[in-house]
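Enquirer: So that we are looking at the same thing, I have put the structure below in structure tokens.
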Amino acid sequence: MDMEKLRECIGKSASYSRTVGESDVYLFGGISGDLHQNHYDEAFMQKTQFKHRIAHGMLVASYMSSAGSLLNDRMEWHTVSYGYDRIRFIKPVFIGDTLLCTETVTRVDDDGKYFADVTAVNQDGVLVAVATHVSKFIDVQE
């Protein structure tokens, strides 16, 4: 791999926007097995500081992952994800919130891995989640 070319990736970014639908929450819970009352029981949640059901943190993380996929598609890179470091769910995400998730490459190491800051903000511009995404560039024989 041409490390100089890979370092040209620093600063590149892509964003993904999505409104969290009730069906998203129900389907994600069914797929993941996370059927916690925080996501499904409106009456219970009205008794909490949140007042409404909240979306799964990992559902939000999957939207954040979509920003990385879009970045790879746009730049025509070939990578595999090494995972997310320091993922934090800072504020609750409610059904009906519209999220804007952005991934921005911050550095490339000598092993061909890139590190990217990932953020999710809601329709009010409130930061709701952050992470560092680690991906590795791969060679593809064509």
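Enquirer: Along the Cα-to-Cβ line of V80, 7 Å from the Cα, sits a label point; which residues in segment 110-142 have backbone N less than 19 Å from it?
Expert: Those under the cut-off are 110-116, 133-142.
Enquirer: Quick one: which residues, 5 or more positions from F94 or on another chain, have an amide H under 5 Å from its amide H? H modelled 1.01 Å from N in the peptide plane, none for Pro or chain starts.
Expert: A55
Enquirer: Checking the cross-link filter: which lysines have an alpha carbon closer than 19 Å to that of K12, excluding same-chain neighbours under 8 positions apart?
Expert: Within reach: K113, K136.
Enquirer: Of the listed values (i) 1.09; (ii) 1.35; (iii) 1.05, identify the label whose number matches Rg/Rh (Cα atoms, Kirkwood Rh) calculated from this model.
Expert: Looking at Rg/Rh (Cα atoms, Kirkwood Rh) for this model, the match is (iii).
Enquirer: Which lysines have a Cα less than 23 Å from the Cα of K47, not counting those fewer than 8 places away in the same chain?
Expert: List returned: K91.
Enquirer: Using only Cα atoms, tell me the angle between helix 57-75 and the longest principal axis of the chain; keep it within 0 to 90° and round to the nearest 10.
Expert: 30
Enquirer: While we're here: Ignoring everything except DSSP H segments at least 4 long, calculate the 222 nm mean residue ellipticity for the chain; use -39,500 (n - 2.57) per segment, divide by total residues, nearest 500. Could the numbers behind the result be given before it?
Expert: Details: 5 runs with 44 residues, N = 142.
That comes out to -8500 deg cm²/dmol.
Enquirer: Using Cα atoms only, what is the angle between the long axis of helix 22-32 and the major principal axis of the chain, expressed in degrees (0 to 90) to the nearest 10?
Expert: Taking the Cα atoms of the chain, the angle to 22-32 is about 70 degrees.
Quick note: the coordinates plus some simple rules give every number you see, no bench work behind them. Keep in mind the model is a prediction, meaning the values are calculated, not measured. FYI the Cβ positions are ideal-geometry reconstructions off the backbone, even for glycines, and counts take in every protein chain you see.
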